[in-house]
Structures are given as C-alpha cells and as structure tokens.
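K.L.:
Dropping the structure in here first, questions after.
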Amino acid sequence: MEQHIHCLVNDCHYWSPGNVCKASEIIVATDKFAEAKPDEVDAKMAKQLEPTPAGSPMSTCCKTYVAKGSAKTTADAVTRTI
Ligand code: SF4
C-alpha cells in the first residue's frame, strides 16, 4: 500500500499541494539532535544513528526539511519525487 506523509510546512522543498510530502524519505528527530547535526545527516544515514527519546511532540521535528530555493536541497541525498 502506498504511504503518504502529510505535512503542513509549505515552505519546504518537498512540500506539495494537498499537504503531501514528496521527499523520497524523511527522518524525524528530536529538536536537540537536529540542531546539533549538519544538513548532511539525514534519512540516508538512519540505520547508523542512535535513537533518542523526545518527551513531547513539541520536541520533535522533521530533519529533512529544507527551504524552497535553498542551495542545500542536495546536501543529504534525499530526492523529491514527482
Ligand atoms: S521533508 Fe519534512 S518538512 Fe518537508 S514536506 Fe516532507 S515532512 Fe514536511
């Protein structure tokens, strides 16, 4: 079954109308982790990263987010599907 990630963050490179994420894959992390790691650390590295507890939904984020038009859209090897 095809899965969709629904997302309301419409200034992200991967966001599409209908509030669908078009990233080939994403990684969700704690805010603390995302702030500490560079853009290159993303979904492609998921299997080698240490999981950590967040404590609340307010402490999590999509680390795959990258602003539309940013020069960093290719930093993490995640691709945008059509
Ligand atoms: S990469 Fe993350 S922030 Fe960007 S559209 Fe997908 S779920 Fe939303």
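The values are calculated or read from the model by the stated rules, or taken from the named source; none is laboratory data. Because the structure is predicted, anything quoted here is derived from the model rather than measured. All Cβ positions, glycine included, derive from the backbone under ideal geometry; neighbour counts span all protein chains shown. Surface areas here come from the heavy atoms of the whole protein model, side chains and all, with no ligands, DNA or RNA. Shrake-Rupley method; radii C 1.70, N 1.55, O 1.52, S 1.80 Å.
K.L.:
Which trypsin sites (Lys or Arg not before Pro) from region 14-82 combine a DSSP loop assignment with at most 10 other Cβ atoms within 10 Å? Walk me through the numbers on the way to the answer.
P.N.:
Details: sites: 22, 32, 44, 47, 63, 68, 72, 80; in loops: 22, 63, 68, 72.
Of the trypsin sites (Lys or Arg not before Pro), not one in the loops of region 14-82 has a Cβ with at most 10 other Cβ atoms within 10 Å.
K.L.:
For the chain: lysine pairs with Cα atoms under 22 Å, gap of 8 or more or different chains, count?
P.N.:
18
K.L.:
So, one more: If amide H atoms are built 1.01 Å from N in the plane of the peptide, which residues on other chains or at least 5 residues away come under 5 Å of the amide H of residue 66?
P.N.:
HN-HN under 5 Å from residue 66: 13, 14.
K.L.:
Additional query: For the chain, what is the accessible area per residue in Å², given a 1.4 Å probe and the full set of protein chains? Each step should come with its number before you reach the end.
P.N.:
Details: 5910 Å² over 82 residues.
Value returned for the chain: 72 Å² of accessible area per residue.
K.L.:
What is the spread of the Cα atoms of region 1-76 along each of their three principal axes, largest first, in whole Å?
P.N.:
So the extents along the principal axes, rounded to whole Å, are 32, 28, 25.
K.L.:
What dipole magnitude, in Debye to the nearest 20, does the chain give about its Cα centre under +1 on Lys/Arg Cβ and -1 on Asp/Glu Cβ?
P.N.:
Numbers: 9 positive and 10 negative charges, 23 e Å.
Computed about the Cα centre, the dipole is about 100 debye.
K.L.:
Sticking with this one: Okay, helix-only estimate at 222 nm for the chain: each DSSP H run of n ≥ 4 adds -39500 (n - 2.57), divide by all residues, round to 500 deg cm²/dmol; what do you get?
P.N.:
Details: 1 runs with 6 residues, N = 82.
One gets -1500 deg cm²/dmol as the mean residue ellipticity at 222 nm.
K.L.:
For a quick check of understanding: with a 1.4 angstrom probe and all protein chains in place, what accessible area in square angstrom does residue 74 have, to the nearest ten?
P.N.:
110 Å²
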